1. Do any strands (runs of 3 or more DSSP E) lying entirely in the stretch 47-112 carry at least 2 residues that are within 21 Å of the chain's Cα centre (by Cα) and among the polar types (S, T, N, Q), and which ones are they?
2. Anything in the stretch 44-80 that is at pLDDT 95 or above and β-branched (Val, Ile, Thr)? List them, or say none.
3. Among the residues of the stretch 120-136, is there at least one that is part of a helix (DSSP H, G or I), in contact with a strand residue (DSSP E or B) (Cβ under 8 Å, 6 or more places away or on another chain) and either under 22 Å from Cys325 (Cα atoms) or among the aliphatic types (A, V, I, L, M) (or both)?
4. Let me confirm something: among Ser70, Ser26, which residue is touching a Ser or Thr at 6+ places or on another chain (Cβ under 9 Å), under 19 Å from Lys300 (Cα atoms), in contact (Cβ under 8 Å) with a residue 12 or more places away in the chain and in the same structural domain as Leu349 (by TED's automatic domain parsing)?
5. Test Glu21 against the stated conditions and say whether it is buried (at least 22 other Cβ atoms within 10 Å of the Cβ) and either outside any loop (DSSP other than H, G, I, E, B) or in the same structural domain as Gln101 (by TED's automatic domain parsing) (or both).
6. Of the residues that make up the stretch 109-116, is at least one in contact with a Pro (Cβ under 8 Å, 6 or more places away or on another chain), surrounded by 12 or more Cβ atoms within 10 Å (Cβ to Cβ) and more than 24 Å from Asn328 (Cβ to Cβ)?
7. Do we have Gln239 as in contact with a Lys or Arg (Cβ under 7 Å, 6 or more places away or on another chain) and loosely packed, with under 14 Cβ neighbours inside 10 Å here?
Amino acid sequence: MSPPLKGIHVTNFRNFSQRQETFTSSHTLFKGRNAVGKTNLLEAISFLCPGTGFRKDTISNFSNQDNQASDVVINYHYDYEDLTNHLKIELKFQEERWTKQYFLNDKKIQQQQLLKIFQLFWFTEMDKVFFIKDTQYQRNTINRIACYFEPSLFQQLNKYTKLRREKKKVLQTTQEKSWLESIDKQLIELGISIIASKRKFLNSFQRFLEEENNQFFPFEINPSLGLLDQESFLKKFQQDLSDENQWPKDHKLHSDHDPQKSIFEITHHQKGLSQLSSAQSKLLILSFLLHCAKFLNQQKITIFLIDEIFDNFDMINIEKVIQYCAENKFQTFFSTTDNFALQGAISNLEIKDII
């Protein structure tokens with residue numbers, strides 16, 4: 001089967017002044033020694049998700065060190081709805097700051113439009129560590145996946161974040177009461193919409209899991225905060241907003257009942273990630289991501305990225321991952337420094353040596 005993402009061309013990106021790759025198979029393995037750019041290629045592909053790639057780095061760090069004054073450009077060629085498309089992402093330094101622009105078939109678009117075409121999932125060793133130890137990282141991952149299900153959630157979360165920044169600025173400067181009340185009213189309205197979008201995603205995903213007979217690795221999802229008791233949560237959120245307005249102007253904004261934080265916990269036989277072995281926690285996170293990809297794999301291009309796959313899984317689980325991706329028509333990209341002969345073991349796998 002011909003893959004939807006046909007090729008990528010990066011200019012002045014990370015360690016590459018120029019690099020072009022074409023993809024003819026559903027599964028691609030980037031192989032090579034350390035520091036040759038395997039992860040950088042995966043990162044460039046992950047830009048198909050709104051944001052700054054799976055490393056979450058600042059834009060100023062993406063330009064090639066030998067040519068930092070030049071623009072960073074990533075070009076993609078892909079098939080979607082029986083048409084061949086060209087997407088270009090430009091990172092420019094102008095007016096003393098970096099900007100990011102998207103062009104689809106030479107027409108400028110907003111980054112949230114990518115949510116209607118692509119859904120990206122990735123797994124690295126660092127993802128496992130952050131997913132277990134960093135609540136915010138886990139929350140951001142689940143929020144991103146919920147945005148694939150409900151693209152309007154992306155705009156809601158962005159607007160919510162901007163309003164929170166605006167409120168902090170008002171508290172630190174004018175402390176204008178009517179202005180604060182106007183911001184709080186907008187935050188409450190957005191909070192209701194955010195919770196509703198997340199509950200819709202959660203309920204649909206739960207029904208999918210109940211009907212799914214072939215779990216990669218068994219897990220449960222347990223709703224928390226606003227997803228558990230919406231009415232009580234939103235009342236406390238409203239009170240938190242009011243309390244913030246009484247604090248000193250140099251106090252950080254703080255709300256224990258924040259709609260952004262409303263997600264769900266993932267467990268294996270009711271044991272949390274921190275209670276599992278390293279191997280079990282890897283399988284649990286990957287199983288969650290794979291099932292989210294399958295659940296959401298409707299009329300979109302689904303791409304899965306796994307960096308240093310041999311560090312994360314043994315050969316049996318690698319074959320299980322690729323088989324699962326193949327059955328559900330995901331396009332997958334992997335990287336490794338190892339020299340295992342995979343070509344004969346896994347069908348439709350293209351190995352690219354990165355030197």
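The values are calculated or read from the model by the stated rules, or taken from the named source; none is laboratory data. Predicted, not measured: the structure shown is a model, and the values here were computed from it. Cβ atoms come from the backbone with ideal geometry, glycine included; neighbour counts cover every protein chain shown.
1. 97-104
2. Scanning the stretch 44-80 gives Ile45, Val72, Val73, Ile74.
3. Looking through the stretch 120-136, none of the residues is part of a helix (DSSP H, G or I), in contact with a strand residue (DSSP E or B) (Cβ under 8 Å, 6 or more places away or on another chain) and either under 22 Å from Cys325 (Cα atoms) or among the aliphatic types (A, V, I, L, M) (or both).
4. Criteria check complete, one pass: Ser26.
5. Criteria not met by Glu21.
6. There is at least one residue in the stretch 109-116 that is in contact with a Pro (Cβ under 8 Å, 6 or more places away or on another chain), surrounded by 12 or more Cβ atoms within 10 Å (Cβ to Cβ) and more than 24 Å from Asn328 (Cβ to Cβ).
7. Here the answer is no, as Gln239 does not meet what is asked.
Residues are listed down the side, and each one gets a yes or a no for (1) more than 30 Å from Asn317 (Cβ to Cβ); (2) in a helix (DSSP H, G or I); (3) among the hydrophobic types (A, V, I, L, M, F, W, C); (4) at pLDDT 90 or above:
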residue	(1), (2), (3), (4)
Leu190	yes, yes, yes, yes
Phe201	no, yes, yes, yes
Phe208	no, yes, yes, yes
Pro218	no, no, no, yes
Trp247	yes, no, yes, no
Leu253	yes, no, yes, no
